[in-house]
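> Pasting a structure below so you can have a look.
Derivation of every value follows stated rules applied to the coordinates shown; laboratory data play no part. All values derive from a computational prediction rather than experimental measurement. Neighbour counts are summed over all protein chains in view; Cβ atoms, including those assigned to glycine, are modelled from backbone coordinates with ideal geometry.
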Amino acid sequence: MAEVRASHILVKTEQEAKDLYDEITSGKLEFEDAAMEKSLCPSGQAGGDLGYFGMGMMVKPFEDAAFSMEVGEISQPVETQFGWHLIKLTDKA
């Protein structure tokens, strides 16, 4: 697997990430809508889409999570130096 495609939501606190995770996985909120409304990353305007990336292109905790996921899966909150992420894997190439 050379590349994955993922979307993410970046927030400041673990609690905010957990709350969003619960809302998304329970079907109350769509991942892309949550990204547009809540994400601190500019990618939020595109529903959180980061496009395709390979190993070594993202910070390690984010990369480790993304490359270990199945397509369609949404991660538990992942902490990096930028904040807390929810990651949705959208494709593997």
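> Could you pull out the residue among LEU40, LEU86 that is part of a loop (DSSP other than H, G, I, E, B) and either within 13 Å of LEU10 (Cβ to Cβ) or among the hydroxyl-bearing types (Ser, Thr, Tyr) (or both)?
Details: LEU86 fails: part of a loop (DSSP other than H, G, I, E, B).
None of the other options fit; the residue is LEU40.
> Let me ask something else. For GLY51, indicate whether it is exposed (fewer than 15 other Cβ atoms within 10 Å of the Cβ), on the phi > 0 side of the Ramachandran plot and outside any loop (DSSP other than H, G, I, E, B). Can you show your working first?
Working: exposed (fewer than 15 other Cβ atoms within 10 Å of the Cβ): yes; on the phi > 0 side of the Ramachandran plot: yes; outside any loop (DSSP other than H, G, I, E, B): yes.
Yes, satisfied.
> Can I ask one more? I'm checking my understanding of the structure. Among residues of the stretch 1-48 that are of a type in the set (Asp, Glu), touching a strand residue (DSSP E or B) at 6+ places or on another chain (Cβ under 8 Å) and more than 17 Å from GLY83 (Cβ to Cβ), which one is surrounded by the most Cβ atoms within 10 Å (Cβ to Cβ)? Lay out the reasoning, then the answer.
First, pick out the residues of the stretch 1-48 that are of a type in the set (Asp, Glu): 3, 14, 16, 19, 22-23, 30, 32-33, 37.
Narrowing the set further to residues that are touching a strand residue (DSSP E or B) at 6+ places or on another chain (Cβ under 8 Å) leaves 3, 14, 16, 32.
From what's left, more than 17 Å from GLY83 (Cβ to Cβ): 3, 32.
On the way: GLU3: 14, GLU32: 17.
Among residues in the stretch 1-48 that are of a type in the set (Asp, Glu), touching a strand residue (DSSP E or B) at 6+ places or on another chain (Cβ under 8 Å) and more than 17 Å from GLY83 (Cβ to Cβ), the one surrounded by the most Cβ atoms within 10 Å (Cβ to Cβ) is GLU32.
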